[in-house]
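Single-structure report; data block below.
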Amino acid sequence: MTQRKRGRALGLPFPGTAGLWNAITDVPGVELGEVTLISGEGPLRPGHGPVRTGVTAILPRGKAKAHVPCAAGYYSLNGNGEMTGVVWIEESGELQTPITITNTHSCGVTRDATIRWLVGRGVGTGQDWGLPVAAETYDGDLNDINGFHVTAEHTIAALDSARSGPIPMGSVGGGTGMLTYDFKAGNGSASRVVDIAGGRYTLGVFVQSNFGRREDFTVLGVPAGRHLLHGKLRGKEQGSVIAIVATDAPLMAHQLKRLARRVPLGLARTGTVGNNSSGDIFLAFSTANEQAFSLRSGLLHMEALGNGDIDQLFTATVEATEEAVIDSMLMADTMVGRDGNTAIALPADELLTLMTRFGRM
């Protein structure tokens, strides 16, 4: 097995200035953890395997400040999917819990386990109940999805293991069994650093990437999928994508919703059109204004960028989304799952040859 490399390491000229780790964890305070479940091979035996799944946990302010909400907004491009807790986010403008992402039939497990984790740590959510954010994409092409292998204990382990710094990408955590443009994919992330109104801010995007028709696959404007047609497993548009946008720029809930609405522009750069079968759901949050969000009543004082100053954050969202999707593919190895189903890795050497031929290198 060869060592997989991210797009920038391969020389792909993605625009924008990335942070230190080029990941959502470049945003100060954000922590990410995951549990990966891989076992068994051969014919599908529901309840036994093969297992190719997992769970990813994102803590906006880290474990130490999990009780402090963030301003947040969400957007659904196509709703054939699930992200719990967004009704309250739309109402309150706040994200009050960690985020978990897993496979479609384990979404409820990770949601409930997040409450257990919060209660077990004596953290709470600032009120007498919790409405955690849990999201999903479908991994049944490779995984025994009806075997319900993700447990509350796995979720709690992912939350407990959350950390800052560089994060693993590709076939890990909730992204273990996912495909994108009919190549093996999974988790991807990227970040951008921007200077606005006298301040320097970081924006990071995380994707659990599981969508796309091979023929539509595009890299920096190059129609790569039309030239890499071998080894398709799905052979059709199927799947979903969850994107989480984090920033330390001071933004209000309605501005964060506007960031979430820019995620589809980054996805479109990779070729997708958001088909009927795809659940394309996005959440954006800001870690700014911590002191104000630590209070649950009284007169709160917050800072916010003016709407005229957030174009660079729109650009950062689009650029980081595009790069995160491509890296979710480049960092994933070929995987054999249930019934011998094989999701091939994106061949980096063939891609680079195409990029050179089209003048992008």
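No value in this document is a laboratory result; all are computed from the given coordinates. Not measured: the values here are computed from a predicted model. When we count neighbours, we look across all protein chains shown, and the Cβ atoms used for this are built from the backbone with ideal geometry, even at glycine.
Miscellaneous remarks
- The length gained on full extension between residue 358 and residue 314, counted as 0.36 nm times the residue separation minus their Cα-Cα distance, comes to 13.1 nm.
- Percent antiparallel among DSSP beta bridges (both partners in the chain, rounded to 5): 80
- Relative contact order %, the chain, counting alpha carbon pairs below 8 Å whose residues are six or more apart: 25
- Computed over segment 241-332, the alpha-carbon pair-distance distribution with 10 angstrom bins reads 15, 42, 27, 13, 3, each value a whole percent.
- The H on the amide N of residue 130, modeled in the peptide plane, is under 5 Å from the matching H of no residue at least 5 residues off or on a different chain.
- Two-site label geometry, residue 80 and residue 200: point separation in nm, points 7 Å out along Cα→Cβ: 4.4
- For segment 1-69, diffusion coefficient by Stokes-Einstein and Kirkwood Rh (Cα), 25 °C, 0.890 mPa s, µm²/s: 155
- One equal scatterer on each Cα of the chain, no solvent, Debye formula: the resulting log10 I(q)/I(0) at q = 0.06, 0.09, 0.14, 0.15 Å⁻¹ is -0.19, -0.44, -1.08, -1.24.
- Out of every Cα-Cα pair that segment 76-211 contains, those further apart than 17 angstrom amount to 65 percent.
- Cα→Cβ-extended label distance, 7 Å offset, between residue 91 and residue 277, nm: 3.5
- Put in order of Cβ neighbour count within 10 Å, fewest first, the listed residues 273, 133 become 273, 133.
- Largest-first principal axis extents of the Cα set of segment 136-226 (Å): 52, 42, 17
- Calculated on the alpha-carbon coordinates, the convex hull of segment 182-298 measures out at 126 cubic angstrom per residue.
- Listing 232, 5 from fewest to most neighbouring C-beta atoms within 10 Å gives 5, 232.
- Taking other residues whose beta carbon is less than 13 angstrom from the beta carbon of residue 175, and scoring Lys, Arg as +1 and Asp, Glu as -1, yields -3.
- Two-decimal ratio, segment 1-154, of alpha-carbon radius of gyration to 2.2 N^0.38 Å: 1.18
- Amide H contacts for residue 78 (H built 1.01 Å from N in the peptide plane; partners 5 or more residues away or on another chain; cut-off under 5 Å): 280.
- Integer Hz, Karplus 6.51/-1.76/1.60 couplings in order for segment 63-71, x for Gly and Pro: 5, 5, 10, 5, 7, 9, x, 10, 5
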